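For reference, the structure is listed below as structure tokens.
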């Protein structure tokens, strides 16, 4: 989940590296560092505990620069956040290295290296790799051959970037399981964990495959696959905009991205809706629609917020297609024995397309030939999940910088509705019902705008939560996963302990927690389960609980003692989970701001979870 940047150029590269780190800080911000080969032919570094700003301040006092360099922003796995554990890691004066991922056999390698005289100055698994490269350098190998030899001894997932003053014009990179991209310039080249880091300097990219090792100079890129054979990888031209990483008029990226949701939802729907049906919008194998017609079961795999999207999708798919749908957390699925299943559509959901557990689950199903087709819902067109899946249904959220997912989540929900309708069409569902869903989807961006108009009211409501330590979130039916997402957002960025329950489960345990100090947040659209939900709310009120209800204006829930009602626009039932997500995002945001937490970079978290 760390961020890697590198550059080899005729011009000094430290400013480029620091800007790249700033753009990758969503991937980790426990510490940051940069290393360069200076003109004098020596290898130097600067490292700082904390965010990239701390590193920049340090370099302002003690500057370094060179034409070849690597940089890193860390999310700690092995070793506590500390300057000694910050990357880049060195082996003597000749090898500098940054790493994203986990080296699973680091303990055995560490012992072996210590037995041969190497001294370790950090607690990380990464330093093992630096010393291992140095072992082969002492044998007289080129830096490329050192990395090719070293990677054969590594177990686990990694993206590596290596430099040495022995070869002051050469950057070596390797990829296994963790993302790494090469950016192509004119007389200069770059590397990064994400294209966002390189957009200020290039729009042309090469996405490395698993097992690839590359030798990069100012004028040339040579790539070798897992067998050591030289290969060509396609060059992709990106239309992404570097300005997406700028705050504009907003105080935080999270708020900016919340307010971008009408546009991102509209973009995800654009070109996919005909007058009365959904157009074929799956990329991949040519017989996609024929495969959908054969589907007898859907399995959705995801993590975190994407998992909550999958849970909503299960309600939609089963209610409208009669196809059984299972949803499972990827980190559990990948280690559970699966019975054979026939005509299974295996769906993965990930904002980044690089989520390690989700990729491993996809690999498992492919190895076992256990699906009719694999499909991913993803926001990054050239990501690993896209490349490894038969089919892709792209969200069009644009770059999401804030660690707490907002627009990526709502566009995933939109994509799941599109998938649901495609399955309905493939199975010959009622044309009138499909036409009604399509008509409702067209109204969705405007309904989201109406929900965002409640921002000022929600900001005032958030004051009630500042001194609270716990909160309950309640929902029923397909709004229960939305309650789960609301609780996750509150705990992620405000550090208030929050849990979500199906409202009907209150009497089976959670009522024991209810008192005047426990706020209970409830989503109450005007659905078939509304009257049941009202009864659950009375159970809370009768026990002294304080309710905060986001209710459809046609639900007829009135303000009363200990009952705060925020009136929502009336929405079609299928769209309610999407629209009711917005006020929960805003509530979490304003509570966090008023508590003074770091909204965009909450403690201990990172945006893209590329390690197990």
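None of the figures in this text is laboratory data; all of them are computed from the coordinates on show. Note that the structure is predicted; figures quoted are calculated from it, not measured. No Cβ is skipped: glycine too gets one built from the backbone with ideal geometry, and neighbour counts run over all protein chains shown.
A few notes on this one:
- Compactness relative to 2.2 N^0.38 Å, alpha carbon Rg of the stretch 1-113: 1.03
- The stretch 523-601: mean projected area of Cα convex hull, nm²: 6.2
- If you sort the three axes of the alpha carbon gyration tensor as a ≥ b ≥ c, you get a/c of 1.5 or more for the stretch 446-486 and a/b no higher than b/c, which makes it oblate.
- Overall shape of the stretch 367-440 was characterised from the C-alpha gyration tensor. The equivalent ellipsoid obtained from it has semi-axes of 25, 20, 8 Å, in decreasing order.
- Reciprocal of mean inverse Cα separation for the stretch 501-566 (Kirkwood radius, Å): 11.9
- Computed across the stretch 243-401, the Kirkwood hydrodynamic radius from all distinct Cα-Cα pairs reaches 16.7 Å.
- If you take the Cα centroid of the stretch 22-62 and the Cα centroid of the stretch 421-439, the two points sit 54 Å apart.
- Cα→Cβ-extended label distance, 7 Å offset, between residue 285 and residue 217, nm: 4.4
- Centre separation in Å (Cα based) which lies between the stretch 356-420 and the stretch 82-139: 34
- Geometric descriptor of the stretch 29-84, per residue, is 77 Å³ (volume of the convex hull of the Cα atoms).
- Calculated mean residue ellipticity at 222 nm for the chain: -10500 deg cm²/dmol, from DSSP H runs with n ≥ 4 weighted as -39500 (n - 2.57), summed, divided by the residue count and rounded to 500.
- According to the calculation over all Cα-Cα pairs in the stretch 60-157, the P(r) per 10 Å bin from zero is 15, 48, 31, 6, 0 %.
- The convex hull of the Cα atoms of the stretch 150-270, projected and averaged over all directions, covers 10.3 nm².
- P(r) of the stretch 1-66 over all Cα-Cα pairs, binned every 10 Å from zero, in whole percent: 22, 56, 21, 1
- Each of 598, 515 was scored by other Cβ atoms within 10 Å of its Cβ. Arranged with the fewest first, they read 515, 598.
- Cα convex hull of the stretch 211-289, projected area averaged across orientations, nm²: 10.2
- Per-residue Cβ neighbour counts within 10 Å put 308, 72, 219 in the sequence 219, 308, 72, beginning with the fewest.
- Size descriptor for the stretch 250-314, Kirkwood hydrodynamic radius: 15.1 Å (Cα pairs only, one decimal).
- Distance between the C-alpha centres of the stretch 537-605 and the stretch 460-491: 7 Å, rounded to the whole angstrom.
- Enclosing the Cα atoms of the chain in their convex hull gives a volume equal to 157 cubic angstrom per residue.
- Stretching residue 335 away from residue 119 to a fully extended chain increases their span by 74.1 nm, per 0.36 nm per residue minus the current alpha-carbon distance.
- The Rg/Rh ratio for the stretch 129-218 is 0.98, where Rg is the radius of gyration of the alpha carbons and Rh is the Kirkwood radius.
- A protection proxy built from the mean count of other Cβ atoms within 10 Å ranks the segments 12-23, 278-289, most packed first, as 12-23, 278-289.
- A simple spin-label model places the labels of residue 229 and residue 149 2.5 nm from each other, with each point 7 Å out along Cα-to-Cβ.
- Comparing the stretch 285-363 with the 2.2 N^0.38 Å rule of thumb, its C-alpha radius of gyration ratio is 1.09 (two decimals).
- Rg(Cα) / (2.2 N^0.38 Å) computed for the stretch 455-574, rounded to two decimals: 0.97
- One decimal place: the segment residue 366-residue 556 gains 63.4 nm when fully extended, by the rule 0.36 nm per residue minus the C-alpha distance.
- Efficiency of FRET between residue 54 and residue 564 - r from beta-carbon atoms, R0 45 angstrom, step 0.05: 0.65
- Among 465, 120, the ranking by other beta carbons within 10 Å of each residue's beta carbon, starting with the fewest, stands as 120, 465.
- Seen against the Cα atoms of the chain and their longest principal axis, helix 581-595 is set at about 60 degrees.
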